[in-house]
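These notes are about the structure you will find just below.
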Amino acid sequence: MPKINETFVRKVTTPEANQKIHYDGEHAGFGLRVTKAGTKSFILNYHINKRERRFTIGKSPAWTAAAAREKAKELRRLIDQGIDPLDERIERREAPTVADLWTEYEKIHFPTLSPRSQTDQRGMWINYILPNLATVAVRELNSRQIDRLHAKISEKTPTRANRVLEVLRKALNLSIRWEWIKKNPADGFRRNAEHSREKYLTLDQYERVFTALDKMPNQKAANAIRMLILTGARRGEVLGLEWQDLDLEQGIWNRPPHKSKDRKPKRVPLSTEALLLLRGMHDVTEGNFLFPTSKGTHMPDLNRPWRWLRAEVGIPDLRVHDLRHSFASILVSSGETLETIGKLLGHSQHQTTMRYAHLMDDPLRNAANSFSAQASKAN
């Protein structure tokens with residue numbers, strides 16, 4: 001057998017048909033495959049697990065004979081350890097990419113999310129994750145790539161960068177469950193500092209809002225806003241409200257799983273004021289939805305009525321979600337427990353309600369004063 005070197009590769013003749021393999025005389029299984037078209041490729045034949053396998057190292061002249069020989073030795077060491085390099089190559093070629101991860105994430109995880117969350121997360125994938133990482137194999141994804149993506153998004157939207165990475169981290173946790181990877185490269189990413197902006201309505205501002213709602217041209221929208229104020233519910237929960245969700249006799253709002261942010265059923269008691277509002281609406285509203293449109297669906301948003309309200313009350317930076325924060329603020333100031341407030345707001349986790357703990361100064365001070373008063377009597 002010849003020695004496969006550059007001279008041999010250069011002088012070897014092409015076969016008249018099909019292909020011919022010339023094996024090296026020094027390294028078992030190492031050879032040069034020559035096709036009728038003149039293509040020359042270095043290969044390694046080997047046996048593993050009672051199977052004969054052929055690994056194509058690369059083509060000449062991109063690969064020199066010396067480099068191919070060293071690669072063959074490296075492959076042989078793996079084979080001796082019981083590792084099949086051809087299986088490794090196939091697995092790497094067929095390994096799911098981040099684009100595949102998105103497909104599975106959308107199919108498996110999206111049904112557990114609310115429609116609004118689905119829309120939000122789809123935007124994160126389409127606008128940020130896929131343009132940067134779509135072709136990367138999930139198994140090859142590393143923390144450095146994750147950090148670069150976070151830094152790139154952070155240049156314009158630091159808070160959004162945190163949300164995108166949280167979604168990607170969730171998807172990668174699922175890929176661990178699916179046995180695509182063993183470790184999540186998004187774990188421990190350094191979040192950008194977030195400065196939440198929370199506005200709480202004062203009692204004077206509440207009075208101005210209710211006065212303005214009485215004058216609002218669109219009273220259907222006004223009633224939706226009144227419901228937001230009286231229940232502390234999310235905008236989507238109120239706008240999608242159906243009469244079948246309400247028990248007006250018992251004063252209960254039963255939120256089915258598909259209408260809750262965490263996809264869990266909720267049973268929320270309604271206040272007397274909310275029930276008065278709902279009973280008045282029930283006498284004049286037709287159809288299933290409390291806030292219907294002419295198309296038979298429910299109101300999609302409150303954008304125009306809300307702009308009118310902000311201008312009318314002179315609070316240009318007031319957001320719809322501030323009504324939810326204000327609802328919690330009033331309850332905290334009244335001495336209600338965080339557990340009670342969390343249930344009224346539909347929180348599934350206690351730590352979510354803990355964001356309002358800093359508002360408890362007055363109830364805690366009242367409790368401390370009560371103790372002091374009692375203790376002083378003992379003296």
Next on the checklist: List the helices (runs of 4 or more DSSP H) inside region 1-116, counting only whole elements, that have at least 1 residues being small (Gly, Ala, Ser), touching a strand residue (DSSP E or B) at 6+ places or on another chain (Cβ under 9 Å) and open to solvent by less than 60 Å² (accessible area, probe 1.4 Å).
Outcome noted: 65-80
Checklist entry - What are the residue pairs meeting all of these: first residue in region 303-329, first residue farther than 15 Å from ILE229 by Cα, second residue open to solvent by 70 Å² or more (accessible area, probe 1.4 Å) and among the β-branched types (Val, Ile, Thr), Cβ atoms under 6 Å, and 6 or more apart or on different chains? => result none
Checklist entry - Based on what the data block shows, is GLN145 open to solvent by 20 Å² or more (accessible area, probe 1.4 Å), in a helix (DSSP H, G or I) and within 26 Å of LYS259 (Cα to Cα)? => result no
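Going residue by residue through region 197-212, is there one that turns out to be aromatic (Phe, Trp, Tyr), in a loop (DSSP other than H, G, I, E, B), in contact (Cβ under 8 Å) with a residue 40 or more places away in the chain and farther than 30 Å from ALA311 by Cβ? It would help to see each step written out before you state the result.
Initial filter on region 197-212 (aromatic (Phe, Trp, Tyr)): 200, 206, 210.
Next, from what is left, pick out any that are in a loop (DSSP other than H, G, I, E, B): 200.
Going one step further and asking which of them are in contact (Cβ under 8 Å) with a residue 40 or more places away in the chain, we end up with 200.
Narrowing the set further to residues that are farther than 30 Å from ALA311 by Cβ leaves none.
No, region 197-212 has no match at all.
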Next on the checklist: Looking at region 205-262 only, could you name the residues that are farther than 23 Å from SER294 by Cα, touching a Lys or Arg at 6+ places or on another chain (Cβ under 7 Å) and among the small types (Gly, Ala, Ser)?
Outcome noted: GLY232, SER260
Checklist entry - With (1) at pLDDT 95 or above; (2) part of a helix (DSSP H, G or I); (3) over 13 Å from the mean Cα position of the chain (by Cα) as the list, and ALA171 as the residue in question, which single condition is left unmet? => result (3)
Checklist outcome for this item: Checking ARG144, ARG77, ARG148, ARG169 in turn, the sole residue that is within 28 Å of GLY236 (Cα to Cα) and either of a type in the set (Lys, Arg) or without any contact (Cβ under 8 Å) to a residue 40 or more places away in the chain (or both) turns out to be ARG169
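Scan region 309-330 and tell me whether some residue there is touching a Pro at 6+ places or on another chain (Cβ under 6 Å), at pLDDT 90 or above and under 25 Å from ALA212 (Cα atoms).
The first filter runs over region 309-330 and keeps only residues touching a Pro at 6+ places or on another chain (Cβ under 6 Å), leaving 310.
Checking the rest, the ones that are also at pLDDT 90 or above come to 310.
Subsequent filtering for residues that are under 25 Å from ALA212 (Cα atoms) retains 310.
For region 309-330, residues touching a Pro at 6+ places or on another chain (Cβ under 6 Å), at pLDDT 90 or above and under 25 Å from ALA212 (Cα atoms): present.
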Item to check | Test: GLU286 is loosely packed, with under 13 Cβ neighbours inside 10 Å and under 15 Å from ALA224 (Cα atoms) | outcome: no
Item to check | Qualifying residues in region 173-209 (those that are open to solvent by 50 Å² or more (accessible area, probe 1.4 Å) and of a type in the set (Val, Ile, Thr)) - the one nearest to ILE108 (Cα to Cα) | outcome: ILE176
Item to check | Odd one out for LEU276, checked against (1) open to solvent by less than 30 Å² (accessible area, probe 1.4 Å); (2) closer than 24 Å to ARG208 by Cβ | outcome: (1)
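Is it true that SER41 is closer than 30 Å to ASP301 by Cα and either free of Cβ contacts under 8 Å to residues at least 40 places away in the same chain or in contact with a Lys or Arg (Cβ under 6 Å, 6 or more places away or on another chain) (or both)? It would help to see each step written out before you state the result.
Working: closer than 30 Å to ASP301 by Cα: no; either free of Cβ contacts under 8 Å to residues at least 40 places away in the same chain or in contact with a Lys or Arg (Cβ under 6 Å, 6 or more places away or on another chain) (or both): yes.
For SER41, the condition - closer than 30 Å to ASP301 by Cα and either free of Cβ contacts under 8 Å to residues at least 40 places away in the same chain or in contact with a Lys or Arg (Cβ under 6 Å, 6 or more places away or on another chain) (or both) - is not met.
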Checklist entry - Scanning region 238-257 for residues that are open to solvent by 20 Å² or more (accessible area, probe 1.4 Å) and assigned to a helix (DSSP H, G or I), which turns out nearest to THR119 (Cα to Cα)? => result PRO257
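Which of the residues belonging to region 151-171 are of a type in the set (Asp, Glu) and more than 14 Å from ARG190 (Cβ to Cβ)? Give the derivation first.
Going residue by residue through region 151-171, those that are of a type in the set (Asp, Glu) are 155, 166.
Result: GLU155, single match.
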Item to check | Out of ALA212, ALA224, ALA161, sole residue that is at pLDDT 90 or above, buried (at least 16 other Cβ atoms within 10 Å of the Cβ) and in contact with an Asp or Glu (Cβ under 7 Å, 6 or more places away or on another chain) | outcome: ALA212
Item to check | region 277-304 - residue that is within 12 Å of LEU248 (Cβ to Cβ) and in a loop (DSSP other than H, G, I, E, B) and, of those, farthest from the chain's Cα centre (by Cα) | outcome: ASP283
Next on the checklist: Condition first: in contact with a helix residue (DSSP H, G or I) (Cβ under 7 Å, 6 or more places away or on another chain) and not in a loop (DSSP other than H, G, I, E, B). Now tell me which residues in region 263-276 satisfy that.
Outcome noted: VAL268, GLU273, ALA274
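The values are calculated or read from the model by the stated rules, or taken from the named source; none is laboratory data. Quick caveat: nothing in here was measured; it's all calculated off a predicted structure. A quick note on method: Cβ atoms are made from the backbone with ideal geometry, for glycine too, and the neighbour counts reach across all protein chains shown. SASA here: full protein model, heavy atoms, side chains in, ligands and nucleic acids out. Shrake-Rupley method; radii C 1.70, N 1.55, O 1.52, S 1.80 Å.
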